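S.K.: My structure is below; once you've seen it, I'll send some questions.
Only the coordinates and a few stated rules stand behind these numbers; no lab work does. Since this is a predicted model, take the numbers as computed values, not measurements. As a convention, Cβ positions derive from the backbone with ideal geometry for all residues, glycine included, and neighbour counts pool all protein chains shown.
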Amino acid sequence: MALYLVQHGKSHPGEIDPERGLTDQGREEVAHIARAAKESGIKINAIIHSGKKRARETAEILAAELGPQMRLDESSGMDPNDDVVAFSARLDAGKNSLYVGHLPFMERLASYLITGSSVRPVFKFQNGGILCLDLHPQSGTWVITGALVPHIT
C-alpha cells in the first residue's frame, strides 16, 4: 500500500483567473501523468484534494484516467502554508490514497514524513507530478518508492 502526493497542475495567475484554474498546458500535463500512472499499474482508492480550484481540477483529471468510480474528497489542511505535522497525523498508507495540494505544503509534507523535519527538502515537486511514498517494512519509516514527473530537468 502507498501514499501519493501531487502538486496541482500549472494554473493561471490570479490576475487572469482569480480562482487560478488550470491552464491548457496544465491540463495536458496532468492528463499525461495520469495515463502514465495508469500504465505503470498505480492503484488508487481515493483522491483527496484541497478546496482550491486548481487542486480539484487536477484531482478530476487524475480520477477520470485512474477510474470513474474513484472517490474524490475535498479536505482542509492542504493549503500552501498549512501545518504539515497536524496533517500528517491524518495519513494512512494502507488506503492507497492520492493527495493533491500546493507548494510549499507538499514539499514540506514529504520532507516531514521522510526526515521528521519540514525544512529539510527531500524532493522537488513539479506541477502535476506524483511522488509515491510507503512505509518501509523493517523500519516503519516513510520512504520514497517512485515518482512520475512531467519534465526531466
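S.K.: In the stretch 1-73, what GluC sites (Glu not before Pro) fall in a loop by DSSP, with at most 14 other Cβ atoms inside 10 Å?
M.R.: Answer in residue order: Glu15, Glu19.
S.K.: Of Arg54, Arg35, Arg108, which is the most mobile in a GNM of the chain whose springs link Cα atoms less than 10 angstrom apart?
M.R.: Arg35
S.K.: Then there's this: About the Cα centre of the chain, how large is the charge dipole given +1 on each Lys and Arg Cβ and -1 on each Asp and Glu Cβ? Please answer in debye to the nearest 20.
M.R.: Using Cβ point charges on Lys, Arg, Asp and Glu, the chain gives about 280 debye.
S.K.: A further question follows. Pull up all non-local amide H partners of Trp142: gap of 5 or more, or a different chain, and H-to-H distance under 5 Å with H placed in the peptide plane.
M.R.: Under 5 Å from the amide H of Trp142: His136.
S.K.: Next question, about the same structure. What is the gain in length, in nm to one decimal, between Ala31 and Leu103 on full extension, counting 0.36 nm per residue of separation less the C-alpha to C-alpha distance?
M.R.: 23.9 nm
S.K.: Shape call for the stretch 16-94 from the C-alpha gyration tensor, a ≥ b ≥ c root eigenvalues: rounded (a/c under 1.5), prolate (a/b greater than b/c) or oblate?
M.R.: It is oblate, given that a/c is not under 1.5 and a/b is not larger than b/c.
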